[in-house]
Amino acid sequence: MAQKHFAGLTFEQVVREYNSTVVAVCIMRLQNWADAEDCFQNTFLKLHQKSPDITDSSHLKAWLIRVAINECNNYIKKNKRNISLEDHKEASVDFPHEGADISWALLELEEKYRNVLYLYYCEQYKVSEIADILNKNPNTIKTMLMRGREKLKKIYGGDIG
Amino acid sequence: MKEYNFDSLKNLKAPESWIENAVNIPTQNKKAPVTYLKFSRTLAYVACFVLICAISITLLQYKNNSVVKTDPSYDYAGIIATEPQNNHSDNTQSHTEQGTNSDGVIIPPEKNNEQSTTKPTDVPTESVVNPDNTQPLPTEEPWFPRPTLPNDAPGTSDTPTQEPTDGDMPGDPMTPVPGNPSTPGPGYDSPLVIAVNISKTKLDGYYGDLYCALYDPNGTLVGDSYAFSSDKICLVREFPAAPQYYTVIYSTQNKGISLYYSKYSYEIYKNDSTVIYSGICYTN
């Protein structure tokens, strides 16, 4: 059977190239390694099953992020749980609370701001691109960015620009 | 844009086991390709559709062939219940008059309420008022010719058990036995089969059993042989030729009833003893 290619990459290459992005999105949403693993696998399973016709690597990345977010939402609905750090301390993701790294504060944000801030600051997406990935209005994304920053400031107690 | 330090998040890597499992997805899914999943889904849709059709057909058949009771030993070709015509030679019973409607269908007369009859105490009659006892009142349901049964109806046969007498054709009004029909005769071994078409409107949603009470010309209930109450229960059939009617059939066969007269009267009644139909029938 001929190998599938996505944006010029084989399936294995796609997995190795974008696994950090997909796992970060899953962690952002679920804050739990065990749950994130299921959604991680399901994301690439969807890629294999759907075999989207993608020729551009940026589109491929956006596609993977969108599918990962959807998988996480479906997982939460299916399990009917409110993921919180308090409930899943054993398998929860722990980021260092020292130094300038405020990744831990991002995890403590409300869910709706986490993905937006992650895509904006970590993946360096533009507002319009984030709006396209999350299927929201760009103005909504701007508002969520602004409010997210304010809440992040309160969490880690620093200044935001 | 102010940069924030999310290094931990940016450097987050999936465990190697996760990556290996994800890389092996194509080989793990070889046995269940997408086309198979699609085929399974299509197959499930088709199976559901077939099941729904089968259930619908079954319900329709049940509705069209609603039978209270069936007895394969009945020979419906021998159904003979009719009323005498106006040329009836016996004029002693004025209530035997009958007429025809504009379609030529025989309209049986109503039962004469003044006729002295001995009825079972548990069977109140639903009397049809005949004010001057002269002219018969037409019944609600016109007589239909002998119903046409489907070929696979149980008990149907080409040869009726009761051969018509000379000059009588199936469906024709019966010629009475010469002599006084009120006097007992030698006895008739052939069963008496009564068939009545009753409109569904008349039954008004009643789905219980229908019973038949048979009376000799003296008004005596032919009930001594009704050893079991089930002996009085009628069959109810529904035929496509007359969808607005139920055909109520009663036979004396195998009920130990000896028929000594050539003429009997009968009543069809519900389980609360309400009489819904009465008439007169003749034996061959």
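A few notes on this one:
- Carbon plus sulfur fraction of accessible area for chain A, probe 1.4 Å, in percent: 44 percent
- With a 10 Å cut-off around each Cβ of A:40-49, the average count of Cβ atoms from other chains is 4.
- Highest average packing first - B:208-217, B:195-204, Cβ atoms within 10 Å: B:208-217, B:195-204
- Cross-link table A:Lys78/A:Lys136; A:Lys46/A:Lys142; A:Lys4/A:Lys142, entries beyond 28 Å C-alpha to C-alpha: A:Lys46/A:Lys142; A:Lys4/A:Lys142
- Residue by residue, the stretch A:70-79 carries 3J(HN,Hα) couplings of 5, 4, 5, 5, 5, 5, 5, 4, 5, 8 Hz when phi is fed to the Karplus relation 6.51 cos²θ - 1.76 cosθ + 1.60 (θ = phi - 60°); x denotes Gly or Pro.
- Buried surface for the B/A pair, taken as the accessible area of each chain alone minus that of the pair with a 1.4 Å probe, is close to 2900 Å² in total.
- Averaged over peptide A:58-65, the number of partner chain Cβ atoms lying within 10 Å of each residue's Cβ comes to 0.
- Counting Lys and Arg as +1 and Asp and Glu as -1 over every other residue whose Cβ lies under 10 Å from the Cβ of A:Ser20, the net charge comes to +2.
- Order by protection proxy (mean Cβ within 10 Å, highest first), peptides B:12-18, A:25-31: A:25-31, B:12-18
- Taking every residue in B:201-211 and counting other chain Cβ atoms within 10 Å of its Cβ, the average works out to 0.
The values are calculated or read from the model by the stated rules, or taken from the named source; none is laboratory data. This is a predicted model, so every value here is computed, not measured. In this analysis, Cβ positions are derived from the backbone assuming ideal geometry, glycine residues included, and neighbour counts consider all displayed protein chains. SASA here: full protein model, heavy atoms, side chains in, ligands and nucleic acids out. Shrake-Rupley method; radii C 1.70, N 1.55, O 1.52, S 1.80 Å.
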